[in-house]
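All of the numbers you see were taken from the coordinates with simple rules; none came from a lab. Predicted, not measured: the structure shown is a model, and the values here were computed from it. Glycine also receives a Cβ, built like all others from the backbone with ideal geometry; neighbour counts cover every protein chain displayed.
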Amino acid sequence: MSALLARLQQELIGARKAREADRTLLLSTIVSDIKAREIDLTRPLADDDALEVVRKGIKKRRESVEAYRAGGRDELAAKEAAEVAILEAYLPPQANPDDIRAAAREAIVAGATNLGAVMGKVMARFKGIADGAVISQIVREELAKQG
C-alpha cells in the first residue's frame, strides 16, 4: 500500500469521527478511485500512481468549477473549489517556475527547437512536481523569445 493511500485512509477515519460530511465524501471518493486504479493495474500502487489519481480528481473538479461558474452556479463552484484546495494538500510541493524556465532554456540551447521537443525534455524533468499547463506556458514564452 502506498504511503499516500495510508494517509488518505487515516484522514478519512478522522473526518468520519469528526462528522465532517463533505470531507468524508471527498476522501472516500478519492480512496475508492485509488483502489479502483489498483485493481485496473493488478498490482499495488506506488505513491506516484496514487498521486496521479489525486491529480485527476483535482483536474476534474477544476473543470467542474469552470462549468458551474459559466452556468451561474457559484455555490456549486465554491464547493468544488474547496475540494480542490483539500486535495492539493496531498500533492508534493510544486516546482519553482524559474527552475522550469531554466530547464526550457537548456533544452532550447541543446537543440530542441519546437514545442514538442522542448516539452518532452522539460516534462520528463518535472513530472509530478509541476502542472503541465504551467510548463507549456513557460516553454511557449521561451520559444517565442528564441524566434
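In a simple Cβ point-charge model (Lys, Arg +1; Asp, Glu -1; nothing else charged), the range 97-146 has a dipole of about 120 debye relative to its Cα centre.
Helix 21-41 and the longest principal axis of the Cα set of the chain meet at an angle near 60°. With the simple spin-label model, which puts each label point 7 Å out from Cα in the Cβ direction, the residue 69 to residue 40 separation comes to 2.8 nm.
Once the Cα-Cα distance is subtracted from the 0.36 nm per residue extended length, the residue 127 to residue 17 segment shows a gain of 36.1 nm. Explain nothing, just the number: relative contact order of the range 3-88, from Cα pairs under 8 Å at least 6 residues apart, as a whole percent. That works out to 25 percent. Would you calculate a helix-derived [θ] at 222 nm for the chain, using -39,500 (n - 2.57) for each DSSP H run of n ≥ 4 and dividing by the full residue count, to the nearest 500? For the chain, the value works out to -26000 deg cm²/dmol. Based on Cα contacts under 8 Å between residues 6+ apart, the chain shows a relative contact order of 19 percent. Dipole orientation for the chain: of the candidates 144, 27, 72, 27 has the Cα lying most toward the positive pole (charges on Cβ; Lys, Arg +1; Asp, Glu -1). Between helix 97-109 and the chain there is an angle of about 40 degrees, using the helix long axis and the longest principal axis of the Cα atoms. Against the main long axis of the alpha-carbon atoms of the chain, helix 3-17 sits at an angle near 40°.
Rounded, prolate or oblate: which fits the range 3-88 when a ≥ b ≥ c are the square roots of the eigenvalues of the alpha-carbon gyration tensor, with rounded for a/c under 1.5 and prolate only if a/b beats b/c?
Working: a/c = 2.76, a/b = 1.46, b/c = 1.89.
It is oblate, given that a/c is not under 1.5 and a/b is not larger than b/c.
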